[in-house]
Amino acid sequence: MQQFVRICGTSELPASGAAREIASGDRMLCVANEGGVISVMDNVCPHRGGPLGQGMVEAGKIICPWHAWAFDLKTGAAEHTPLAKVQVYEAKIEGEDVLVKL
Ligand code: FES
């Protein structure tokens, strides 16, 4: 069953317009912040496994640092093909904790 787990504190979140990698158990997540809206998704790019959390945030998308595929921060859908998608997780902030449904 999916449940909310704490992945980090709010002080560890990336600044607006940025992303970072955050580990939760043995899973690595890409956490992006665009204008204060936090998006959490799998860190592994479905193209060749690039680290999405090391990518750039731009116009509602995370841009993979390896070959620049772009994924929607809300849906995880790739910009150029419906065949590639990243799993996006429901996230919420409670007090100083960032919680994600994993
Ligand atoms: S590994 Fe992400 S675009 Fe190629």
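How large is ³J(HN,Hα) for each residue in the stretch 27-38, as worked out from phi by the Karplus curve 6.51 cos²θ - 1.76 cosθ + 1.60 (θ = phi - 60°), to whole Hz, x for Gly and Pro?
For the stretch 27-38, the Karplus curve yields 10, 9, 10, 9, 10, 10, 10, 10, x, x, 8, 8 Hz.
For the stretch 61-77, what does the Karplus curve 6.51 cos²θ - 1.76 cosθ + 1.60, with θ = phi - 60°, yield as ³J(HN,Hα) per residue in whole Hz, taken in order and with x for Gly and Pro?
After applying 6.51 cos²θ - 1.76 cosθ + 1.60, I find 9, 9, 9, 4, x, 8, 9, 6, 5, 10, 10, 4, 5, 8, 9, x, 6 Hz.
Taking the alpha-carbon distance from residue 92 and a cut-off under 17 Å, which lysines remain once sequence neighbours fewer than 8 residues away in the same chain are dropped?
List returned: 74, 101.
How large is log10 I(q)/I(0) at q = 0.10, 0.24 Å⁻¹ when the Debye formula is applied to the Cα atoms of the chain, each weighted equally and without solvent?
For the chain, the Cα-only Debye profile gives -0.23, -1.31.
Laboratory data are not the source of any read-out in this text; all were calculated from the coordinates shown. Just so you know, these numbers come straight off a predicted model, no measurement behind them.
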